[in-house]
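Chemist: Before we start, here is the structure in question, set down as structure tokens.
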Amino acid sequence: SALEALINFAYSGHVAIDQQNVQALLIASSFLQLQNVKDACCSFLQDRLHPKNCLGVRQFAEAMMCTTLYDSANTFLHQHFVDVSLSEEFLGLRTEEVLELVACDELNVKAEEQVFEAMLAWVHHDPDQRKLLLPELLSKIRLPLCQPQFLSDRVQQEHLIRCCHKCRDLVDEAKDFHLVPERRPHLPTFRTRQRCCTSVSGFIYAVGGLNSSGDSLNVAEVFDPVGNFWERCQPMRTARSRVGVAVVNGLLYALGGYDGQSRLSTVEVYNPETDTWVQVSSMNSRRSAMGTVVIDGHIYVCGGYDGKSSLNSVECYSPETDRWTVVTEMSVSRSAVGVTVFDGRIFVSGGHDGLQIFNTVSLNQSEQACLVLCTFV
């Protein structure tokens, strides 16, 4: 029994933890205030987190007030959301847990369609009780981020959605996002905000850069937040510092940069599942220190430095067609800029042109080919 094992621990200083006794040991050690055993049990469970058990471990950790274990299970849940959503544990979640989960910014998904399918599977598991919750659940899904064809062929055709006026309104709102771009500023920002944009498959990547001698690097490293360690990936084909980096559909793009001799227009893409880099179409201009951002599944590069001067040009890359398109120029040439997306628009802020540092912001409304300049203090 757990109590017998803890009595032996008091004499020997050793305890054997396994899948069968870990929960009982954690409960007993918590009651007896044996912190070393409790911590060991938490570490045992943390090392064995899996999509099929992480929800149960999270619930157990919350009940036992094991903060570190709870945080680890929660992080694992967010990073492996798609796999977790296929488990029996997910289908048994309480309503408030599902609402909180599908609204979370930290879900690691390749596409919002995956969140919709997970939510719908939960509803279909007990449709008589859960169909009444569909309007509230659907309001947490970022439908405007779904592809138009998915909205028409999948979401709009779902029987439970077709029978609900509030749900149909949410679908119409999402379709307007694609069909009527001028209405985008009036949509709730929550439903147009991207999830988990800064990582690939829940990991953090460091790509290229400079070493202590000032040499450009082709090195790529990945950080595992759960295991708290870094490891090397397959190096890039080309050394790149001041490189632009973007993530689209679970693939990591390294764009342009400086190889120690010249600015680059080349682009290569990393697949974490195969640990390989593949070269794709080059940009129209060589550039380093540019702003890079993803919007609606397309990569935009803004400004940068071509080796002679700062640039005001902006290019857009479509992964589907592997083509670069030149779009509206910024009104000011600038490199080393800050760039972000808000309400479907690209904001390029600050930077310099080699002579002066800017306090201006360029606003690129990409679909309308419109560029606005404003100033901040």
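What follows draws every value from the coordinates through simple rules; no lab data is involved. Keep in mind that this is a model prediction, so the values were computed, not measured. When we count neighbours, we look across all protein chains shown, and the Cβ atoms used for this are built from the backbone with ideal geometry, even at glycine.
Chemist: Calculate, axis by axis, the spread of Cα positions in segment 204-375 along the three principal axes, and write the results as whole Å, longest axis first.
Modeler: 43, 35, 31
Chemist: By how many degrees, between 0 and 90 and to the nearest 10, does the Cα long axis of helix 112-125 differ from the longest principal axis of the chain?
Modeler: 30 degrees
Chemist: As I understand it, the value is the acute angle between the Cα axis of helix 165-179 and the longest principal axis of the Cα atoms of the chain; what does it come to in degrees, rounded to 10?
Modeler: The angle comes out at about 30 degrees.
Chemist: Can I ask one more? Using only Cα atoms, find the angle between the long axis of helix 2-12 and the longest principal axis of the chain, and express it within 0 to 90 degrees, rounded to the nearest 10.
Modeler: Taking Cα atoms only, the helix is inclined about 90 degrees.
Chemist: Run lengths n ≥ 4 of DSSP H only: what is the helix-derived mean residue ellipticity at 222 nm for the chain, with -39500 (n - 2.57) per run over all residues, to the nearest 500?
Modeler: -9000 deg cm²/dmol
Chemist: Hey, with R₀ at 41 Å, roughly what FRET efficiency would A206 and E4 work out to, going by the Cβ-Cβ distance, to 0.05?
Modeler: On the way: r = 49 Å, r/R0 = 1.19.
E between A206 and E4, to the nearest 0.05, is 0.25.
Chemist: Just need log10 I(q)/I(0) for segment 16-192 at q = 0.10, 0.14, 0.15 Å⁻¹, Debye formula, equal scatterers on the alpha-carbon atoms, no solvent, rounded to two decimals.
Modeler: -0.48, -0.78, -0.85
Chemist: Is there a pair in K110/K308; K131/K175; K52/K166 whose C-alpha atoms are over 29 Å apart, and which pairs would that be?
Modeler: Over 29 Å Cα-Cα: K110/K308; K52/K166.
Chemist: Roughly what would the spin-label model give for T340 and K166, points 7 Å off Cα along C-beta, in nm?
Modeler: Rounded to a tenth, the inter-label distance reads 3.1 nm.
Chemist: Using 1/(1 + (r/R0)^6) with R0 = 41 angstrom and r between the beta carbons of D153 and R323, what's the FRET efficiency to the nearest 0.05?
Modeler: With R0 = 41 Å, the Cβ-Cβ based efficiency is 0.95.
Chemist: Given charges of +1 on the Cβ of Lys and Arg and -1 on the Cβ of Asp and Glu, with all other atoms neutral, how large is the dipole of the chain about its Cα centre, in debye to the nearest 20?
Modeler: In total the dipole reaches around 880 debye.
Chemist: While we're here: From the alpha carbon gyration tensor of the chain, can you work out the equivalent ellipsoid semi-axes (sqrt of 5 times each eigenvalue) and give them in Å, largest to smallest?
Modeler: Whole-Å semi-axes of the equivalent ellipsoid: 43, 31, 16.
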